[in-house]
Each structure stands twice: as structure tokens, then as C-alpha cells.
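I have placed the structure first, in the form of C-alpha cells, so that the comments after it can refer back to it.
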Amino acid sequence: MSQTYINKLNYQDFVNPNKPNYITKEFEKLIREIGDCKSKLDEDRLIEQQIIKLKKFTKKKKIKPKQQSELVLRLLFCQLLGHDVSFAHILAINSSQESNLFYKFIGYLAASIFISTNEDLQLLMINSIQKDLKSDNTLAVSIALTTITKIITVDMIPAVLSNVLILLKHQEPLIRKKALTAMYTFLKQSPESILKHQKDFELMLDDKDISVTGVALDLFLFISKTKPKTIKHLVVSFVEILNLIISGKLPIEYDYREIHAPWIQIKLLKILSYLGQDDPNTSREIYQVVQLVLKESEIGFINGIFAGHAIMHECIKTITKLYPSTKLLELASIAAGKFVTSYSNNLKYLGITALTDLVLVYPEATNKHQIIIVDCLEDPDETLKRKTIELLFRITNKSNISFIVEKMLSYLKTQKDQKYKTSLVSRILKLAEEHGTNIKWYILTINKILQIFGDLVNHDIVYNIMKLISEGSLLEDEEDEEDEDDEEEKESGKEGSQLTKYDGNTALKIFSVNIYAEIISLKKPYPNILYQISLWVAGEYSYLCTNFTTEEIMVNVVDLINAFYISDETRAMAITALTKMVSHSGKYLEQIDTIIQKYSTSRNTDIRQRCFEMKGILQLPNIIDNILPPDSINTDIEIDTNLEFLNEFVENSLKNGGKKYISKEERIKMENELQLGINENKKKSKELRFEAYQSNNPQQSSTWRIPQQNIYEREVNNNQISNTIEIENSISLKVSGISQRWTETGYSGFKENENQNIENKKEKGEEKNTNDNNQNNQNNNNNNNNNNQNDNNDNNNNQINQNNNEKILDVKSFRFNRIGSKEPILEEENKIQEKNLNNDNNNNITTIKQKPPKTEEELKREKTVNALFNGVGSVRTSRKKSKSQKVNLNSKHITKNTIEKNNEKVENLIDLGSEKN
Amino acid sequence: MIRYILVQNRQGKTRLSRWYFPCSDEEKNKLLSDFYKLVNVRDPKLANFIEYRTYKIVYRRYAGLFFGMCVDTTDNELAALESIHLFVESLDAYFGNVCELDIVFHFWKCYALMDEMFLTGEIQETSKKIVLKRMSDLDRLN
């Protein structure tokens, strides 16, 4: 090729005297014009004009073959310049069907370039290809075979396979070669169907023509990658061919720069490496020949011929893949050393690549070249540097970690690719974590990384560091031995004497707090992540700091809080750190007031929250140590999961009539049963309900079942129980009263109901009297315990105490206060009870009658509830209901009598209901 | 395996391009412009290899033209580089002191020559003599 660089291509005068071009003057003129175009716009304009012309031609019915091939070439030219010419692809196919070989050749050539973008046209080609494969003219066959390799798809393989197989035995090496290439194309597309013909390829290995063998090797390379076991028996043949090549028995035309057929050697070495992989026996067969090839290729190395280097490089790769042989690995590492120390960047790159693989099987390989490898990082070539970084990651160990990390960081600073940088930073951090022997070195290194690349670091590192400093590390023991070698340690040698006074863990804390306090004092716009670590360490261990006093650190932190370059998150951490320092040292700065004042109104809620916390904590000097004890991170908080200290309290409350705790599981179970009961009941017909109440079992009565609904109530006072019973009764009575209104038979049953009500009231009155003593005592207790009760309630209580017959309001108000929230329902109940009380005061017996009227819906609900109490015995009702029906299982006041009375009432109700239905 | 072979001049005009894997026109344009961006800025002293996506680009500059090849990472880079050189040598022998304009005017012959040497992404013929003989056979057709 001409070595003179043509600055401006002279299109107008260009003629190659050696090669006549077969294109017309017009086409030549177009090429020249396009060549002289000064902008892409001009060029596009010209091509578009050309395409319009071409379109006119394609519409013509008859085009002369010569003109057609010319048009095809123009299309090809337009396509090359990036224009869509799919409208005229058919011209190429037509041209390929010409009898003239030249036009056919042009047609096929253009079709093979066009067609990858147009699938339909492939099928149009298949006919002419089939015809040409059978042609006597070798040139036609060869052109057709070449086209097959480019346009064939899986569906088309059967159409041409038989023809191609015949052509494998063609007398012309050119045809054999191309037929084999076609087979290779088939093999890549559908391996299963082609592997049946493996015997045919095997024969081709012994072909007289080495270029045919070369193509056969492509097929075997493909098979060796996917199914190496099927061609292990051919290892001998491959070794033989390789021996033949290096002994120089091939025709001289296959020599390339004094190297015998380098590409074929490389193919053979590749196949052998796949076959010998993880296979000691096969590898042993290969060792010798690889060694020979390696030795031969060294001659090329001396003469500076790249082809020789290529083979040598391939040898190293092969040795790395084969079952390890120490002798060969040693030779390979020497060879790789030659690459690395070479003058050329290409060879250096290959050397580094080879070593990257080699160190995995032979770690000693890089020992001699470490300095050279690291120097590659300073090379201006980015490709080389990236490869070197990869290698360095693999060869890093405990002895060279600090050196390598330093080099990597200086390389990192020169990087601009953000994505690559991020991945590299995280890898370096990982490397330091894996191989770092000295925890102090590790902390310093991390700080260095964070200072520069803090924004790229994953925030997990913050917690790692915090954990490391607070808990120390297992590496701590080794550290003492290495202290003398460690440069960092020498620099801060004055700490040595102090450090020995403490155990390793405390020494580490002193060390780190000194470092981080210094970072805070520098007041540089470092990344937030570094400040966050610093602030945490300073806050936690400020009292251990030897280089700064706590006041100094506090002043620095205050300055930092006011600095513009830190984020709100960091600022919040700084405020917490300040709080810790104040609490640990007991010293206070005036600036803190300003800080609290300033940031209590911050827009950031976290900062605000922390400010208030600090303010709050600082106002409690007596317990400040308990809130933030020093080194609290390592103090495990013991949690008594059994809450044994509450046992006494629980027993007491049980003694006082409190309910037993029912666990969540049991509660859920009970709820489910309850639900089930209701559902079943709903399903049940009237007859069943009738049966249920007929049994009239006091065990199933409301008073015994209700507690299940009130399981959340852990403590229920006896007063309350009596109260709820009261409500219970009143509800049932009321309901029965209402039922008269909307049942036709209601009036007939009215008097009965009324009589029952009166009876009931009498019963109740008696019952209350018997329990008066108990209730009184408890009421007194309640009043004493609840000093904070409001005046109204107190008044009420007094009223109640005066009026010994009625305790309802007292209980109600008591409950209301205990719960502490003015739930509307409770209030309502309260009012109701107050009214009752008033009524009672006036007329003890008529309480129920004078109750405010209920809405129809409520009444319906109540009715069902009561019916269900007796019918099935377990009810799930509305919230209001469940609240008003708080009855304890332990209640002793409910006599069998009352229960029976209740049942009777409900029976009546159901009777009425069923009659109505 | 060779993914594609490109010939571009220093202005970024593509003179030849051959694709050995199915690829849409948009993708091709992207690859072409990426090739130009990567290769054009590199100093001649640097290595002739660039890692690109999951492949490697091996390129070499001859006068005002960049000859490039994209190969698999397992392939031998130097062998690819030498095959580029063999291709250029063959062009030179065929045209007689080849220059960029030869490739522009005889672009279709360059494709033919490329087809003689590389097929299905592998180097098929490494003998310059045989390639030239095949080319003269084709010339004689007309």
C-alpha cells in the first residue's frame, strides 16, 4: 500500500493503469462527483438524484444484462454510502440468473451484500444456486458456494446439503475448500443435523491442500468448543499436522514472513487447548508438540515478526488451559515475561493478557515482573492500563497490597469514565478488605479513597467502618508484628508508647478518633460520606482522643454544622455527635445554644428532631449518662423477653379480679369459632333455632358467652360487670317492648312482656342489694385511684355513693377515664347512664321504661343479638354492642334466675319473630 | 470469529464494510460511528487493540485508511492484526501500489478479494498467490 498519505484525494484525474475498471463513464463521473463533495448534504443530494434515476430503470421491463449489472453496481455503491436501495434488490437476483459468468458474479456479490436485510429474497436465490452448484464451470460453482455461506438460513439447508456434500469430493481444492466452508456455515446454524457427516470432515483433515485442511480445522474448532469428547480420537491427527507444519514441509506459499502457515498453527493450538482442558491423558499427548511450537516461534520473536508473536501468545494460552505441567508453565511464564518487557505496546498488552490467565494456574508467573506490570499503569495507552488493572487485581496479596492499592488510586484519579471508576472503586475497597493485614492501614486507605471518590462509594462501607472501629478486628493480633514495617505507623510513632498502655481495641479507637477528629478539623469540602464516619467516631469516642480536647472537637463540629458543603443528613449526624460529646464530657459550649436555636427551625425534619432531642437531653443533666452512655454500641442491651418483672403486678391484678391474658393465637381461634357459630346460625333454618332455645341451657346463655367478645379487656372491674349486666337486662327489656310495634301479634304479647319486665326489675333490685357491699368498696377504691378524674365524675360518684342502689354511672365514668379517650360511644353511654341515674334518683324502678327511644335499626340489631345469645350462645355484634356488653366470666352476681329470665324474654321474642315470618 | 471488517478513512467515510453476523442498519451505523470515534483518536504508538463491548477491535492504519476487524475476546489479536496486513498486502499486489481511490473506484473488486480471504467470519485463504490467481480469473471473465 502506498505509504504516502493523500491529504486530498484527487478524484478527477485518478486512473489505475494496472487495473481497468468495468464501469461506465457515467458511473465513474458519479464516483468522482461524490468524492469531491464537501459536505454530507451535497453527497446525499447526489445519491438521491441517482436513486430516482435507478428507480426509473427498475420499472423498465427489459434491461440489457450489461446495463443491469452496471445498475447493480450503482446500487451497491449507494448502499455503501448508507442509503436504502431495497426497492431494487430484485435486480441483483435477476443478474445472478444470467448465463454470463461475469454478470452472474456481480449479481451474486451484490445479493450477498443486500440480502442479509431482506429475508424474502433468499428464497428467490435458492433456485439459481441449486442450478449453479451442478454447473461444470468451477468458477460458477465457487461463486454459488460463496453466496451460500452468506445468505443461507436453517430452512434452506436441506435444499442444498446433498449438493454440497458431493462437492466436498470435488477435484479442485478451491471447490473443496468452499464446500467445506459452506458445511461450516450449516454446522453453526444447525449443529445436530450436520454432525452426522463428521466422517466426511475427518477425511478432509488429510487433504493434499493445506488450505482445505485449514477450513476443516474451523469445523473441528467449533466442535471442540461444544462437544470435545466426540473428537478426542483426532488429537493424534492434530498433533501430526502441527508437527508437519513446524517442520516446514508445506508449500512455500503458505509461509508468511518466514513463519509456516501461522493461522493454521493457531487454529490447531486452539483446538488442542479445548481438547486437553481438564484431561490429563490428552494433555500429556499435547505437551511435547506445544513445547516444540513455542520453541520455533521464539525465532520469530527475535526477528520482530508479529506472526511469530501470535503463535507464541497462543502457546501460552494453550499451556494455561491444558492440565498443568510445571515445566510448560515455567516456559510459558518466561515467554510472557518477554512479551511484558517488550518495546511494543501490542506485545505488552498480550503479555499482560497472558499473565492474567497464567497467574490463576501458576501464581509464581508474575513474581519477576511486578515492577514492569505496575509501570504499565503509567502508560498512556488506556487499553493496556485497563488490562493491567485486571492483572493487578489477581496478583494482589498481603505483601504487596499497600503498594498496589496506592498505584491503583493514582490511576483512578486520571480516569474520566464515571461508570468504570465506580466499579473500580468498589473493587479496590473489596481488595483492601480481603488482603489488608493492618487495620490501621485499612482505615487510612479507606479514608484516602473516600476523600477523593466518596461520591462513588456504596454507603455500606460506612457501617463496615463503624463496626470495625467499635468491635476491633481479628487482624489486630498480626498488626503488632507488622507495626515496624508499616510506614504509616512510623509516621505516627509517637502514639506507639501510648497505644501499648491499652488493649488493641481501645488503641484502635484512639487511633481512629485522632484521625477522624483531624479530618473534621481540616474543614475541607470532603464528600459527605467521609464526614459521616468522622462524626460518628468523634461523637462516640471523643473522650479517647489524644490529639484534640473534646472542646476542640466540639468547636470543629459546630463549625462543620454551619459549613455550606455538607448535606442535611450529615448535619443531622453532626448534631447527634455534638449531643453525645456533651453528654460524655459534661462540657457545654455556648455555640450549641446558637445551633439549637438556628436549626430547630430547619426545613429538614430530621435536623429539627435531633435539635429538639439534644435540647431535651441537655435539660436533664442527672440522667444524661444513662441516655447516652460511652461506648454504647458495644453494650448489649439485655431484653427480658418473659417480662418477669411484671409478674407481681399481674398477680396482684388477677387477685383484684382482673382477667387472665389470652394469647393472640387463642384469641384468633376464639374469634374464628365465634364467626363460625354465627355463620352456622345464619344457615340454620327456623327449626334449628327453635331446637336451640328449646334446650334452654343456662350454660349457653348470654352472660356466659359474652366474655368471649371482650377478650381484649384485660382487667374488668366488678363494678363494670354489674353495670354491663344492667345494660344487658335493659336492652332485652327494651327490645321486647319495641317488638310490639312491628309485629302484628305484638299487642297480644305486650302485657306478658311488661309483666316480665317488672318481674325482672324486681329481681335486679334484689340482686343489686346483695352486691351492694362489694360494689361500694370497689367504688371507693376506684375513686381513690383515680384522683385525676374530672369534677363531673367526682360529683357523679358522690351522687352514686349517696344513692347506694345505683352504681352504673360510677362504673361508666370510671371506665371512661381509664380509657382516656373520649370515644363517642362511651360518651353516649355515659349520657344514657346519667339519664338513668337521674331517673333512678327520682324513681328507682322505672329506669328502663324511661330510656330514650331507639332507632329502628338499633332495635333490630339488638333483637338479633338477644336472640342469638339464647339460641347459640355466642354472638358477634356491632362495636357498640360489644362495648356495652362487657361481662366477666368471673362475675358472681349473675344468678341463674336472671339468666333464666333473660332466656324467657328472648324466647318470647323469637316466638313473635317466627310468627311474623 | 470475525464479527465485521471495516475500512474507513480518517474523515470517517466508510470505504468497505463486511458483516459476518446478522445486524440491522441502525446497529451497523452505530458500530461504524463507534469504530471511528475509538480508532481515530488513538496515537500510532498505542496498542492496536481496543476492548469494545464484549468484543475486541483490532485495527491498523495504512496511510489515510483504517482497516479494522472486530473479533471475539478468545481470538488471537495478533493473528487478526496479521490477517489485516495480509489483506492489505493482497490489495497492494492486486492493484499495484494501492491507494484509497483504488478502493473507492473498485469497491466491488475489493469485496470480491475480501470474499476470497475471509468467509463466514474465519480466515479461509492465507496464500496471497492463490488469492491473486482467483482475482485474475474473475478479471478474465469480462
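Mind scanning A:Lys29/B:Lys109; A:Lys53/B:Lys28; A:Lys60/A:Lys134; B:Lys30/B:Lys129; A:Lys40/A:Lys387; A:Lys338/A:Lys448 and naming the pairs with a C-alpha gap bigger than 28 Å? Walk me through the numbers on the way to the answer.
Numbers: A:Lys29/B:Lys109 18 Å; A:Lys53/B:Lys28 26 Å; A:Lys60/A:Lys134 32 Å; B:Lys30/B:Lys129 36 Å; A:Lys40/A:Lys387 38 Å; A:Lys338/A:Lys448 36 Å.
A:Lys60/A:Lys134; B:Lys30/B:Lys129; A:Lys40/A:Lys387; A:Lys338/A:Lys448, as the Cα separations exceed 28 Å there.
Each of A:Asp568 and A:Glu240 was given a label point 7 Å from its Cα along the Cα-to-Cβ line. The distance between the two points is 8.0 nm. Taking 0.36 nm per residue of separation and subtracting the current Cα-Cα distance, fully stretching the chain between A:Lys249 and A:Asp155 would add 29.6 nm.
Per residue, the average separation of C-alpha pairs within less than 8 Å and at least 6 apart gives region B:2-141 a relative contact order of 22 percent. Reported to the nearest whole Å, the Cα centre-to-centre distance from region A:95-137 to region A:558-596 is 82. Region A:263-308 and region A:355-377 have Cα centres separated by 21 Å.
Along the Cα→Cβ direction, 7 angstrom out, place labels at B:Leu141 and A:Asn622. What is the inter-label distance in nm? Taking the simple label geometry, B:Leu141 and A:Asn622 are separated by 10.7 nm.
Put simply, the amide H of A:Tyr256, placed in the peptide plane, has neighbours under 5 Å in A:Ala261, leaving out anything fewer than 5 places away on its chain.
Summarising the amide proton neighbourhood of A:Ala563: residues at separation of 5 or more, or on other chains, whose placed amide H is nearer than 5 Å comprise an empty set. Ranked by how many other Cβ atoms sit within 10 Å of their own Cβ, fewest first, the residues A:Lys199, A:Lys580, A:Lys249 fall in the order A:Lys199, A:Lys249, A:Lys580.
As an exercise, find the ratio Rg/Rh for region B:44-142 from alpha-carbon atoms, using the Kirkwood inverse-distance average for Rh.
Over the Cα atoms of region B:44-142, Rg/Rh equals 0.99.
Ranked for footprinting exposure by Cβ neighbours inside 10 Å, fewest first, A:Val154, A:Val457, A:Val141 give A:Val154, A:Val457, A:Val141. Database remark: amide H of B:Arg3 closer than 5 angstrom to the amide H of B:Cys70, B:Val71, B:Asp72 (H placed geometrically; neighbours at sequence offset of 5 or more, or on other chains; Pro and chain starts carry no H). Cβ crowding within 10 Å ranks A:Thr570, A:Thr24 as A:Thr24, A:Thr570, fewest other Cβ atoms first. How big is the gap, in Å, between the Cα center of region B:1-38 and the Cα center of region B:76-142? Result: 18 Å between the Cα centres.
Give the Kirkwood hydrodynamic radius (Å, one decimal) of region A:521-585, defined as one over the mean of 1/r across all pairs of different Cα atoms. Show your work: numbers first, answer last.
Details: mean 1/r = 0.0872 Å⁻¹.
Over region A:521-585, the inverse of the mean reciprocal pair distance is 11.5 Å.
What is the gain in length, in nm to one decimal, between A:Leu643 and A:Glu33 on full extension, counting 0.36 nm per residue of separation less the C-alpha to C-alpha distance? Before the final figure, lay out the partial values.
Numbers: separation 610, 0.36 × 610 = 219.60 nm, distance 9.51 nm.
Taking A:Leu643 through A:Glu33 to full extension adds about 210.1 nm, to one decimal.
Sparse packing (at most 11 other Cβ atoms within 10 Å of the Cβ) combined with a DSSP loop state is found for the following trypsin sites (Lys or Arg not before Pro) in region B:25-66: B:Lys45, B:Arg53. The alpha carbon convex hull volume per residue for region A:72-123 rounds to 63 Å³.
Just so you know, the averaged projected area of the alpha carbon convex hull for region A:16-162 sits at 9.9 nm².
FYI, it's all coordinate maths here, none of it is from the lab. Source: prediction; values computed, not measured. All Cβ positions, even for glycine, are placed from backbone atoms using ideal geometry, and neighbour counts span all protein chains on display.
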